[in-house]
Structures are given as structure tokens and as C-alpha cells.
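To keep things clear, I will list the structure first and then write my remarks on it.
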Amino acid sequence: MKIFKIILLNLLILSIAFGETLQEDANKLLTKSFKTKEKVIVDLTSKYSQDEKLEFLFQKLLVGDLLYTKKNKVIVYLKDKKENNYLTTDIFSGEDLEPSSKYDFSKIKINNKLRSIIKSSLAKINLFSKNEDTRLKSAKNLLTNLDIKNEELINQVLEKETSSKVKEVLDEASTVLIAKYKDGEDKKEAIKKLGSFLSPKSLEVLKEISSNSEDIELVKLANTSIASIESSKSFYSFLETAFFGLSMGSVLLLAAIGLAVTFGVMKVINMAHGELIMIGAYTTYALQQIMPNLIEYSIIIAIPAAFIVSGLVGILIERLVIRHLYGRPLETLLATFGISLVLQQIVRTVFSPLNQEVKTPQWMSGAWEINSALSLTYNRLYIVIFSIIVFLFVLYILNKTSLGLKVRAVSQNREIARAMGIKASWIDAITFGLGSGIAGVAGVALSQLTNVGPNLGQAYIVDSFMVVVFGGVGNLWGTLIAAFTLGEFNKFLEPYAGAVLAKVIILVFIILFIQKRPRGLFPQKGRDAQD
Amino acid sequence: MRKSIILKILENDRGGKIVLGTLFIVVALVAILNLAVPADSIFHVSTFTVTLLGKYLAFALLALALDLVWGYLGVLSLGHGAFFALGGYAMGMYLMRQIGDRGVYGNPDLPDFMVFMNLKEIPWFWYGFDNPLFMFLMVMLVPGILAFIFGWLAFKSRVTGVYLSIITQALTYALMLAFFRNDMGFGGNNGLTDFKDILGFDLSLDSTRIALLIISYFALLGGYLIARFIMNSRLGRVVMSIRDQESRVRFIGYKVEQYKLFIFIVSAVLAAIAGALYVPQVGIINPGVFSPLFSIELVIWVAVGGRGTLYGAIIGAIIVNFASSYFTSALPEVWLYALGGLFVLVTLFLPQGVVGLVIKIKDKLNSRKEVA
């Protein structure tokens, strides 16, 4: 019986060599023996590695969607199923077959061993792909599932490879192999070199050498390399935390900067500020609903749109309510709090009380991978840049334009400003509109980071006030520095205290800080500071 | 005949007499109609109404406490809910310990949520809370000490106005975040609930509810008398002058910080007592009470009633909460519009609240009479 099997197996293997096309060769997968399948897969990989269909076939095989018809043994893949009916497509001709009962098909079964072989085969196939990303991905894949068998392949690819990123990964793979399997000087050199790589694989191999090797010199070298990896790793994780802090700071800055105008310049405690942010976020959402084909540009369009919508709502609030309350900051707090409740309820009535999903355009998703220890997500990166642009914009308006001059004049001495011919009430409305519009713009940015819902504004209002008060009311640079300080502070505390406790500590810190410097980091000087 | 102390304090305070007198009659009527009238009679007052009224009275005491600092001292605290909640939590912890082994897990030593969280031992700050006297002490001490520390820091460094309001908000916000954490040992976001009895009386009994209602009334009355007594005294005059012209009072030689601190602490303790009364009647305390939203809402109660008049705060608390109960059950979508609109309208058109409006109307009628 056993002999018979071996003969059969050999026959099959022989027959593989006589196949002509991918289709014919692939048909040999329709055997029950896992051993034969293994041979077929290896053979297919070496023979057809440039054929895109093979990759597809392997992928389907890997997820278990590869079937064959019992009747004429045609390899197909499962496209969709409705109850017991399978909708399938011929994997070679690409033609859809008539829907048919699931009992007409058999699955091409694989086991765990085959699965790992297929994976490494896929990695090999992809290493020759024209797409750089695919090559990079498969090189990384190769590195994590590294095997001495891949040595030749790696060297082969390294010769041809043009992309420096892919090259680096493969270089690391090759170095790991040398460190692990070679002897003598080469090994020492490789161990030294591994200290400059950052992937977990290098560390793993170095640790292995450090604990298993009997050669004291090798252990020493490995330990130096480990130390070097770990120190650069902790450096990169420091950079990463700093970046998270920066991005949190920029969110705080965006949320607070409009408030710095309405609260800092106009002395109005606008509790509806958070809801103006929310309106900006909902403007983004509404735009995406109206123009579902322009998701890629919707964020760009939403920025001016949100500025206008929130700005107009702000002007409306100013004309209707705040106008009557100047000089009584605590009363503006109460009235605007009422407005915030109404705005929230309007949003609930119009859009539903549930969170809405704002889509992220392609160019904002993904991450910028600097190396294997440090990658920065694009959406956060853009928000950091964006918040600084918004900040510079407000700074420019207030300091360099005639509008800004008038705004400052009115806020410093209303009577004299009016005597100089400035329409104070008009300036009030415009200033409040500006602050509100900026809140709206912040909402566009926040819609990319958090859920857009009726409670969006509330989540930011306390934080925004903390930033403005901490930085010193009426001082835009103070707001900038406060936002980034608090963001960094928070992110560096988080690993030790947890997110919630970090926030509590920050709040307590601000409370204590206010005792020391009641007017914030950069207090206003002169007569203006007296009220 | 010598007047009683109560009447002496209430001398020249018609509004206070009317409000507290009316409340006394209402409470007495509700108590009688709930206990003595059979359930099927149309005159019967349901236990639900009793509890509701008790809740309003607790809120009224809270509003009174806030009015003391805002209306008389000129310090707008946006974090008074924190003191209320701390008092409530102290009471809640005592009630939690009274459950004993009647919880879902039947553990005589640990409250349910601690069993649920796999705690083996009760945290140290829960010690002593099975003793009602200790609880009463803590209800007043913990918020009092917090108010002392916070007020001492804030008033000493002369944080005033808007800045003070914002850091009081930060205070309650920080506490809310902390209490929402499960490992704080206060039940996380579920808070403390499922209470069974208080001082040996079953909380589900009508008679216990009525007793709590009556105690709430007398706590409110007591709070009112204390506040009125303080404000009638020389100290009260100084406090009101601080509100109106702080720098002048300081210049004359008064230690403004000490006056502020004293009133702030009294107010915090009153708020905490209100919290302690609120919890057994409502049957739950959770971190939501620490939210800045609640604290701002309670500012509105005072604003609606009329700040700077103690009985006005009571009226405001009852009006707004009555409206809230009505709207949230009858027209839930409209409630936020109504509340929001109320905020705006009151600040714009009724800076003195309902009480101010009544006085204005009365003045007008009087002047008309004089003309006639």
C-alpha cells in the first residue's frame, strides 16, 4: 500500500514537469495529498512568479475561497453565496459561472504547513512586483518570516532593487541571515551592523545570539548591538510621544484659538464656542452628503464653508444676545450656555442624536513611515500643519490688517475708538463672527479625528477655556504655547498615569498654576489688565 | 412676649416668610395626603410625588448655598455641583454599607461593584462609613476641607471673576473624570445605587419617604435661617460690600480673603448637606453630578429665581426643576429648547429673576396707587 502511494506520488511529480500553462499546472492542485500540493505550489511559484493570476490564485487559496467543480474539475473561486447557492468565477478565464448549488463544488483544502508555504510564495511573487508598496510589504513580510532558504532570493532581488526603502529591509534580512547562520568575521560584522536596524526581528536574533552563543566575544558584540537598538528605539518612541503631544496640542490650539478671539479680545465668555466647533464639523458632514463624489476635496471645500456657516451663526448670536451684555462677562456666560443647549438640540432634531461618520479622504489616511520604529499618521500631521496655518492667519488679521487694528482699538477703549470714527458695534459683530468662524474651521479638522455628534462641542469647551486662561487672556502667542505645552504634558504623563488621570493631573496643575499667576503665562500689561 | 429666634431672624423678610411658610404647608399637606388618605382616593398623593418634592427641596438647599456665594459674595462658582456630589457620595457610601449581604452577590463585607471588580478588601477610605455619625461628619468635613483648600488658594492669590469661575469649573470637571474611573473605588460610571435602608428604616416604605421629605424641609429651613442670620449680621454687611467694592473694603483694613473663605466654606457645607439628602430620596449617586453642565444649570436656577435674595434661589430651584420634570416626560425634545431659551431670556430681560419681576410689578402698582 505504501509503495503504491509513493509510486503514485512520483508519477504526479513527474507529470508536473510536463505541464504547459499555468492552468494545466494549477490543475494538479486537485489532489487530496497535502504533500503533492506542497510540491505543486513550490513548482508554480518558481515557474510562474511573474504571472499576476498566480498571485490571485494563491490569495484565494489562502482564504479558502478556491473551489473546483465536481463535474468537470474546473478551478473557480467563490464570489458570493446566497443560502446554498454559490456564485463563482472561473479563475483563469474570468467568466462568471451560473449560480449553482454548493454541493456541486469541492473546496481545495490546505493545512497550516501549506498556509505558511503559500505565504512565503506570495512574498516571493510580490518581491518582483512593479508596485513599490507591494515590494516593500512583501520584503517586510519576508523579514518577519525569515528562513535560510530565502538567502538566494534576497541576494537576487537586492541586485535589481532600486527603491532605497525596500533595499534597506532586504539588507536587514540578509544581515540577519548572515548573523544567524554564517561564521567568523562575517558573522561579527553582521552582528555589529544589526545594531543599526530597528525591526523586532534584529532584536530577536541578537537576543538569541546573546543568550545561546558560547563565544564570549560574540555575546559582547550582540549585547552592544542590543543596547544600541534599544537606545535608538527609546529615542524614537520619545519622538513619537512628542509627536502625539504636538498633535494633541494642535487640536487644543484649534479649539481654543477662536475662543482666544472672543474671550481674549472681546471679554465674552462664549459657552457656545464648542457648539460652533460642532457646527463646523456638521458642515463637513453635510457637504459630504451633498457631494458624495467629491470626498477627496470635501475637506478643502468644507474649510471656507464651515468658516462662513459658523461665522454667520456667531454674528447672529452677537446681534441677538451678546450685544446687550457687554461688560457683564458672567451674564454672557449664562446666556451663551443657553444658546449652546439650543444649538445642540437643533442638531439633534435635524441630524439625529447619533454620531455621524465623516469620511477621510485618501490623501489624509495612512501613515508616513520614517522607519520601522517611527511612523506618523497623515491626518495628525496635516492637523498640526493646519492648526499653525490657522494660528498665523488669526495673528495676521489681528496684527497686520486695519480690521485687526480696529478690533484692538475697540477692545482697549471703546469710547475713544468710537470718537475716532470706528463703528464699534459693527466691529463687535465682525470680531465675534471671526472667532466663531475659526471655531467652525476647527470643527472641520476635528471631524477627521473624533466622532461627529451633538456632544462634540462639550468635549472641548472646558479644555479650550483652560488653554486660553493658562496662556494668558488676550495673548495669542500665550494660547499657542499653552496649547502645545498642555498637549505635550498630557501625552508624556499618559504612559504613567493613564489617559484620564493625566487629564485630572493637568486640570489640578492649571488650578494651582492660576493661583501663582492669576493672569496666565503671559498676562496683559498696563491699564487693560485691571478689570 | 419674647419672639422666638426664628421669627427674629425672619423679621423684615416677608418673602422668606411667605416662601418657607408656603413650603411648610405644602409639605404637611403632602405628608398627610400620602399617609392618611387611602390609595384609591383622588386626594391621595403618590409616593412618587413625595420623592419628587423631596428632591426639589434638596435642590432648593443647593441653590440657596450657591446664592450665598454668588448673590452675596459675588463669586460665581461653576463647580458647586462638586460639593453637592461629595456630600451625596458620603451618604451613598453609608447607604452602601447598610445593604450588607442583601446585594446581588450576597457579600457581607464588600459592596456589589467591588465584588464585581474583584476587589478582595474594602479600600481604606471606606472605613467607618458603616457608622452614621461618622457619615454625618464626613458629609460636612470632606466638602468643607476641599472648599477650604480651594478657597484659601484662590482667594489668597486674588483670583477673581471669570478666572475663578473657570477654575471652579475645572475643579468639578477634574473630579468628574476621576470619579468616572472604575479603579477610584466609587463604583465608576454606575455610581452607588441599590440602597436598602437608612438608620434601620426601610427606604422603600412610604413613612421613610415622608420622614426624609420632612427632614429635607427642616434642613432647608435651617440653611435659610443660617444664611439669613449671617447676612443680617455685621459680617453679612462686610460680605456684601466685598461683592460691591472689593478693593475699598480691603483698603479700609478688612481681611477680605477670610470673609470670602468663611462664606465659601459655609456654602460648600450647605451644598454637601443638600447632596446627602438628595441621595437616599433619589436612590442613586453617580459622577454625572460632577459634570460642569449640572453646576451651570444650578446657576440658572438661582438666576431664574433672582440672585441675592435667598428665598429667590429656593423659588428658582423649584420652578426650573418642576418645569424640567414636566417637559422631560411630556415633551422631551422641547426641554433643551425651553431650558436654553430660559437661560437667554432670564439673563436678557430678568436680571433680578422672578423675584425682581414681582418687586417691579409691585412697585408699579404702589406708585399708581399713590398717584391716585
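Bear in mind that the values in this text are calculations on the coordinates, not laboratory data. Because the structure is a prediction, the values reported are computed rather than measured. Heads up, the Cβs are rebuilt from the backbone with ideal geometry, glycines too, and the neighbour counts pull from every protein chain shown.
Shape index of the stretch B:20-120: Rg/Rh, with Rg the Cα radius of gyration and Rh the Kirkwood radius from the inverse mean 1/r over Cα pairs, equals 1.13.
Across the stretch B:211-226, rounded Karplus estimates of 3J(HN,Hα) from the backbone phi angles (6.51 cos²θ - 1.76 cosθ + 1.60, θ = phi - 60°) give 4, 5, 4, 5, 4, 4, 4, 5, 5, 4, 4, x, x, 4, 5, 4 Hz, Gly and Pro being marked x. From its DSSP helices (H runs of at least four residues, each -39,500 (n - 2.57)), chain A gives a residue-normalised ellipticity at 222 nm of -22500 deg cm²/dmol. The trypsin sites (Lys or Arg not before Pro) of the stretch A:34-104 meeting both criteria, a DSSP state outside H, G, I, E and B (loop) and at most 13 other C-beta atoms within 10 angstrom of the site's C-beta, are A:Lys70, A:Lys71, A:Lys73. What's log10 of I(q)/I(0) for the stretch A:234-313 at q = 0.16, 0.26 Å⁻¹, Debye sum over Cα points only, no solvent? For the requested q values the scattering log ratios are -0.75, -1.14.
When you work out D = kT/(6 pi eta Rh) for the stretch A:271-401 at 20 °C and 1.002 mPa s, using the Kirkwood radius from C-alpha pairs as Rh and the Stokes-Einstein form, the result is 124 µm²/s.
Shown for chain B is the translational diffusion coefficient from the Stokes-Einstein equation, using the Kirkwood radius over Cα pairs, a temperature of 20 °C and a viscosity of 1.002 mPa s: 98 µm²/s.
Across chain B, Cα pairs under 8 Å and at least six residues apart give a relative contact order of 31 percent.
From most to least packed by mean Cβ count within 10 Å, the peptides B:224-231, A:434-441, B:41-48 give A:434-441, B:224-231, B:41-48. One quarter of the surface of the convex hull around the alpha-carbon atoms of the protein assembly as shown equals 57.7 nm², the direction-averaged projected area.
For chain A, excluding the exposed loop sites themselves (GluC sites (Glu not before Pro), DSSP loop, at most 11 other Cβ atoms within 10 Å), the longest remaining stretch covers A:358-531.
In terms of packing, defined here as the mean over residues of other Cβ atoms within 10 angstrom, the peptides B:302-309, B:4-11 line up highest first as B:302-309, B:4-11. For the stretch A:387-484, the direction-averaged projected area of the alpha-carbon convex hull comes to 6.9 nm².
Cross-link partners among lysines for A:Lys188, C-alpha distance below 23 Å, same-chain residues fewer than 8 apart left out? Hits, sequence-local ones excluded: A:Lys149, A:Lys167, A:Lys180, A:Lys201, A:Lys207, A:Lys220, A:Lys233.
Across peptide B:336-342, the mean count of Cβ atoms from other chains lying within 10 Å of each residue's own Cβ comes to 6. Relative contact order, whole percent, for the stretch A:138-204 stands at 31, derived from Cα pairs under 8 Å and 6 or more residues apart. Rounded to the nearest 10 degrees, the angle from helix A:295-320 to the longest Cα principal axis of chain A is 20 degrees.
Could you give the angle, 0 to 90 degrees to the nearest 10, between helix B:256-282's Cα long axis and the longest principal axis of the Cα atoms of chain B? Tilt relative to chain B: about 50 degrees. Defining a contact as two alpha carbons under 8 Å apart and six or more residues distant in sequence, what relative contact order in percent does the stretch B:49-163 show? After rounding, I find 24 percent. Projecting the alpha carbon convex hull of the stretch A:417-531 along each direction and taking the average yields 9.5 nm².
Roughly how tilted is helix A:200-212, in degrees to the nearest 10 and between 0 and 90, from the longest Cα axis of chain A? The answer is roughly 60 degrees. Among the residues of A:341-349, the average count of other protein chain beta-carbon atoms within 10 Å of the residue beta-carbon is 5. When the Gaussian network model of chain B links Cα atoms closer than 10 Å, the mean-square fluctuations of B:Met96, B:Met140, B:Met184 top out at B:Met184. Once Rg and the Kirkwood radius are both taken over the C-alpha atoms of chain A, their ratio Rg/Rh works out to 1.14. Springs between Cα atoms under 10 Å define the GNM used for chain B, and in it the highest mean-square fluctuation of B:Arg97, B:Arg243, B:Arg234 occurs at B:Arg234.
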